[in-house]
Amino acid sequence: MQEIDKKIDALKDEMIQKIQELIQIKSVEDSPMEGMPFGKGVDQALRYTLKTAEDMGFRVKYGNGYYGYAEMGEGDEMIAILGHVDVVPEGDSKTWRYSPYGGEIHEGKIYGRGAVDDKGPTIAALYAMKAVKDFGYPLNKRVRLIVGTNEETRWECINKYKDLEETPTCGFTPDSDYPLIFAEKGLLQFQLVCNKARRVLVSGGNAYNSVPDHCTYNFQNNPRVIKVLEELHFDYERDGENVTVLGKGAHSAKSFLGKNAIARLCMALKEAGIETEAINFIAEMVGEDCYAQKIVGNCEDEPSGKLTFNVAKIDLNDEQQMIGVDIRFPVTKRKEDIIQLIKIAAEKYDLVYREVDYLAPLYVPNEHRLVQRLRKVYEEETGLDSTPISSGGATYARAFENFVAFGPTFPGGEKSAHQADEYIEIDTLVKSLKMYTKAIAELAK
């Protein structure tokens, strides 16, 4: 394996350049265009990735704008790596030190939306395939990098792939943490809607899977709102008759790392005497408790931990009130039981439950051969404890049986996905490149 390490070191600069160029493509899902179901930017990012793979000599396929793949090797069985090139919106660009789509390098880190989620790791996996191919390591199975295009929203891309293409035997997604993720909480996204108009204008949130970092209220020169925000020590900006509460973005799966601007604004409005059904629900039943214990109680289990509850979107206007929520629930809990608790709480505020999206939990036991082989790779490469961990993240691993999430964030590493100044350390990329190279070689034996 020392020769593979040398090969990887030789690929480092080329890999970094490709990641920078991919980050510079703004691949936030947009309005569909002919042949581009998720917009021009996403399609451009997909085509760029496939062109890079084709230039490496891999067999590639462009799946009508929904997905693509790069493949090498021969055999009846196929292992797969699942990546994606779409990204969540950047949010308030003023909160970024560096351009969200610049791919800039500062102090050994590549900055930009998608650097860690998931453009950087996807390109690292592609270069891992190149390292195995160039080294001539014997493969008894095919190896396929599957590239998705709307992982951050509705998973239409991977579902289209499943409808039209071959199912892999096993594999991993480089879209979470090391040592590896053997349990992923269930994902449930929904709206709570009230059709009573209250002439209160509030808007905030960009995506269900992000903690909102700003939320705006048209306060019509109400000095009480400003006074309460200052009393609560909530950061805000004022622009004419609009006041915008500032929070801290984070991935919904790690909502405890963020500061929810929607929750903070609703708490302040309630305190200032400005009330609607939606505002009162958020202020009274949720507040800044990202576990929503007033609604679901102490909802947790041993494999995966506590349920998280993220008020991700809000739109209060002259016609209706809408709250958008993302929750991640423990792998041993029942979706139906959780929904019932949410409905009971919402009905007290005349809010109606409408489901938006759902992904069942993932749980691959520690004894599974895939887990054992990836643990072996991790231990040999790092010398660290490889005990599997759980996550609230919803990765592509749950799209197929016999899949887990494997990197790229190492234990103790900062979680910057979905936040301003998202980044990935170059050292982490190189370590992951080596890890993925050896994982491919191990799984394709």
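The values are calculated or read from the model by the stated rules, or taken from the named source; none is laboratory data. What you are looking at is a predicted structure, and each value in this text was computed from that prediction instead of being measured. Neighbour counts are summed over all protein chains in view; Cβ atoms, including those assigned to glycine, are modelled from backbone coordinates with ideal geometry. When the accessible area is computed, the model is the full protein with side chains, heavy atoms only, and any ligands, DNA or RNA have been set aside. Shrake-Rupley method; radii C 1.70, N 1.55, O 1.52, S 1.80 Å.
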- For Asp117, which sequence-distant residues (separation of 5 or more, or a different chain) have an amide H within less than 5 Å of its own amide H, given hydrogens modelled in the peptide plane? none
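Give the relative contact order (percent, whole number) for the chain; include only Cα pairs under 8 Å separated by 6+ residues. Write out the running numbers ahead of the final one.
Details: 1060 pairs, mean separation 103.7, N = 445.
The normalised contact order for the chain reaches 23 percent.
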- Where only alpha carbons of the chain are counted, the Rg and the Dmax (Å): 22.4, 72
- Query: To the nearest 10 degrees, how steep is helix 40-55 against the longest Cα principal axis of the chain, on a 0 to 90 scale?
  - Reply: 10
- Task: Let me have the relative contact order for segment 71-158, percent, based on Cα pairs under 8 Å that are six or more residues apart.
- Result: 49
- Hey, can you rank 35-43, 12-20, 242-250 by average C-beta count inside 10 Å, highest first? 242-250, 35-43, 12-20
- Message: For a protection proxy built on the mean count of beta-carbon atoms within 10 angstrom, sort 89-101, 281-293 highest first, please.
- Response: 281-293, 89-101
- Item | Nearby aspartates and glutamates by direct alpha-carbon distance to Lys94 (threshold 19 angstrom, same-chain neighbours under 8 apart not counted) | Glu104, Asp213, Asp235, Glu237, Asp239, Asp421, Glu422
- Item | 5 angstrom amide H check on Ala312, placed H, neighbours 5+ away | Gly324, Val325, Asp326
- Relative contact order of segment 262-347, defined on C-alpha pairs under 8 angstrom at six or more residues apart (%): 25
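With each run of n ≥ 4 DSSP H residues scored as -39500 (n - 2.57), what mean residue ellipticity at 222 nm is computed for the chain after dividing by its residue count and rounding to the nearest 500 deg cm²/dmol? Present the calculation step by step, with values, prior to reporting the outcome.
Numbers: 11 runs with 138 residues, N = 445.
Per the formula, -9500 deg cm²/dmol.
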- Item | Amide H contacts of Gly102 (H built 1.01 Å from N, under 5 Å, at least 5 apart or other chain) | Arg113
- Message: Going Cα to Cα from Lys343, which lysines come in below 21 Å? Please leave out same-chain ones fewer than 8 positions away.
- Response: Lys185, Lys196, Lys294, Lys306, Lys313, Lys333, Lys335
- Give me the angle, in degrees from 0 to 90, between the Cα long axis of helix 261-271 and the longest principal axis of the Cα atoms of the chain, rounded to the nearest 10. 10
- Report, to the nearest whole %, how much of the accessible area of the chain belongs to carbon and sulfur atoms, 1.4 Å probe, protein only. 44
- Query: Taking θ as phi - 60°, what are the ³J(HN,Hα) couplings along segment 100-116 by the Karplus curve (6.51, -1.76, 1.60), each to the nearest whole Hz, with x for Gly and Pro?
  - Reply: x, 10, x, x, 6, 10, 9, 6, x, 10, 9, 9, x, 5, x, 4, 10
- Sequence ranges 163-172, 145-154, 381-390, ranked by mean other-Cβ count within 10 angstrom, highest first: 145-154, 163-172, 381-390
- Message: Using the Karplus curve 6.51 cos²θ - 1.76 cosθ + 1.60 with θ = phi - 60°, what ³J(HN,Hα) values do you get for each residue of segment 409-426, in whole Hz, with x for Gly and Pro?
- Response: 7, 7, x, x, x, 6, 9, 10, 4, 6, 10, 5, 6, 4, 8, 9, 6, 5
- Query: Near Lys6, which lysines are there with a Cα under 16 Å away, not counting those fewer than 8 places off in the same chain?
  - Reply: Lys130, Lys133, Lys431, Lys434, Lys438
- What angle do you read, to the nearest 10 degrees and between 0 and 90, between the alpha-carbon axis of helix 2-23 and the longest principal axis of the chain? 40
- Item | Surface per residue (accessible, 1.4 Å probe) for the chain, Å² | 41
- Each residue of segment 86-93 in turn: what ³J(HN,Hα) in whole Hz from Karplus with 6.51, -1.76, 1.60 and θ = phi - 60°, glycine and Pro shown as x? 7, 9, 6, x, 6, x, 6, 5
